[in-house]
Amino acid sequence: MGWSATWIATDSTVCVISRCSRRASVRGICKAHYSRERHGVDPRVDVDEAHFFKHVTEAPTGCWVFDSINRETGYGVFRARRAHRWSYELMVGVIPHGLALDHLCRNRACVNPEHLEPVTTGENNRRQKASLPTCKHGHGWTVANTYVTPDGRRQCRACSAIRTDRWKRRSTTQGVGSFAKNG
């Protein structure tokens with residue numbers, strides 16, 4: 001007995017194959033799935049899903065590395081979408097509105113949904129910056145060089161000193177600010 005003999009139609013107008021919302025025509029399935037069955041392909045296997053996993057390699061770190069990446073961004077690309085978003089929606093569900101997916105593993109090519117967490121864009125940016133070993137000017141985030149603000153952000157003491165020095169020099173040459181001579 002084939003799979004088509006076991007289907008139970010709950011709505012005679014919608015295809016019974018999961019995640020398909022097309023109109024059913026033959027044996028409770030849509031024309032596209034019926035055509036695949038006639039050609040010897042199990043219509044329950046998603047063609048996109050099978051094609052997607054041909055591009056995935058599991059790394060020792062647990063990352064599922066997607067091999068078709070955008071060279072500029074480092075993100076995997078599948079069907080004109082970012083591959084990690086496609087993977088998350090396939091395995092977990094819809095990404096909540098207003099949230100971005102954060103790669104907990106910090107590997108942009110990773111599509112493992114266990115390594116992805118929906119967070120706000122601000123939180124995603126904070127996590128990304130916190131994982132960097134240096135400030136944007138190359139000063140290391142050491143205990144001596146890092147000031148943590150009351151709201152939890154890091155500031156580079158070397159960069160702050162350079163900014164303050166620059167401001168003092170500009171203020172004295174232009175005669176503006178608290179360091180300018182009066183009189």
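Just so it is clear, none of the values below were taken in a lab; they were calculated from the coordinates. Since this is a predicted model, take the numbers as computed values, not measurements. Cβ placement follows ideal geometry from the backbone for every residue including glycine, while neighbour counts extend to all protein chains displayed.
Listing for the model above:
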| item | result |
| --- | --- |
| Excluding exposed DSSP-loop trypsin sites (Lys or Arg not before Pro) (at most 12 other C-beta within 10 Å), longest clean stretch of the chain | 80-135 |
| Among (1) 113; (2) 215; (3) 136, the entry that matches volume of the Cα convex hull per residue in Å³ as calculated here | (2) |
| GNM result for the chain, Cα springs below 10 Å: residue of GLU117, GLU72, GLU58 fluctuating most strongly | GLU72 |
| Disulfide-incompatible cysteines by the Cβ rule (no partner under 4.7 Å) in the chain | CYS105 |
